[in-house]
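Student: So that we are looking at the same thing, I have put the structure below in structure tokens.
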Amino acid sequence: MKQLTVITSNEPGNLADITSALAGEEINVENIEADGHGRRGVVVLTVALDVYDLALRTLRENTSCQVFTEDALVVRVEDR
């Protein structure tokens with residue numbers, strides 16, 4: 001999996017803009033977390049490797065956000 005970290009302003013509707021841009025390209029978000037830090041918003045999301053390049057390009061071209069990338073390691077453990 002690949003992880004995308006999106007830095008945006010902390011304003012209503014920005015998360016919707018990010019997810020709408022991805023939905024417009026039929027990109028499935030595997031996991032998403034969002035948090036506000038003062039005037040900045042940070043959204044961390046993961047997408048499948050086969051749509052990673054498209055997701056990165058889509059966010060960079062269709063939003064005013066800064067997008068950073070890194071590999072993500074997913075570990076499944078038993079819940080007990």
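The values are calculated or read from the model by the stated rules, or taken from the named source; none is laboratory data. None of the values given here were measured: they were computed from a predicted structure. Every residue, glycine as well, gets a Cβ built from its backbone with ideal geometry; the counts of neighbours run over all protein chains shown. Accessible surface areas use protein heavy atoms only, side chains included; no ligands, DNA or RNA. Shrake-Rupley method; radii C 1.70, N 1.55, O 1.52, S 1.80 Å.
Student: I need the calculated FRET efficiency for the pair Ile7 and Asp71, taking r as the beta carbon distance and R₀ as 22 Å, to the nearest 0.05. Mind dumping the intermediate values first?
Tutor: Details: r = 19 Å, r/R0 = 0.85.
Once rounded, the FRET efficiency stands at 0.70.
Student: Determine the order of Ser20, Ser64 by accessible area, beginning with the largest, at a probe radius of 1.4 Å.
Tutor: Accessible-area ranking of Ser20, Ser64, largest first: Ser64, Ser20.
Student: Check Asn10: other-chain or 5+ apart residues with amide H under 5 Å from its amide H, H built from backbone geometry?
Tutor: So Asn10 has HN proximity to Arg40, Gly41.
Student: Using only the alpha-carbon atoms, how far is helix 52-62 inclined from the longest principal axis of the chain? Give it as 0 to 90 degrees, nearest 10.
Tutor: Tilt relative to the chain: about 10 degrees.
Student: Moving to a separate point now. Lys and Arg at +1, Asp and Glu at -1: add these up for the other residues within a Cβ distance under 12 Å of Val44 and post the number.
Tutor: -3
Student: How much length is gained if the chain between Asp35 and Leu56 is pulled fully straight, taking 0.36 nm per residue apart and subtracting their Cα-Cα distance, in nm to one decimal?
Tutor: On the way: separation 21, 0.36 × 21 = 7.56 nm, distance 1.99 nm.
Additional length available on full extension: 5.6 nm.
Student: In the range 7-48, what percent of the accessible surface is made up of carbon and sulfur (1.4 Å probe, ligands and nucleic acids excluded)?
Tutor: Working: 1130 of 2590 Å².
About 43 percent, which is the carbon plus sulfur part of the accessible surface.
Student: Let me ask something else. List the relative contact order of the chain as a percent without decimals, with contacts defined as Cα pairs under 8 Å and 6+ residues apart.
Tutor: Computed over the chain, the figure is 45 percent.
Student: Only Cα pairs within less than 10 Å get springs; with that Gaussian network setup on the chain, which residue of Ala34, Ala16, Ala55 has the largest fluctuation?
Tutor: In this elastic network of the chain, the residue with the biggest mean-square fluctuation among Ala34, Ala16, Ala55 is Ala16.
Student: With a 1.4 Å probe and all protein chains left in place, how much accessible area per residue does the chain have, in Å²?
Tutor: With the other protein chains kept in place, the chain gives 70 Å² per residue.
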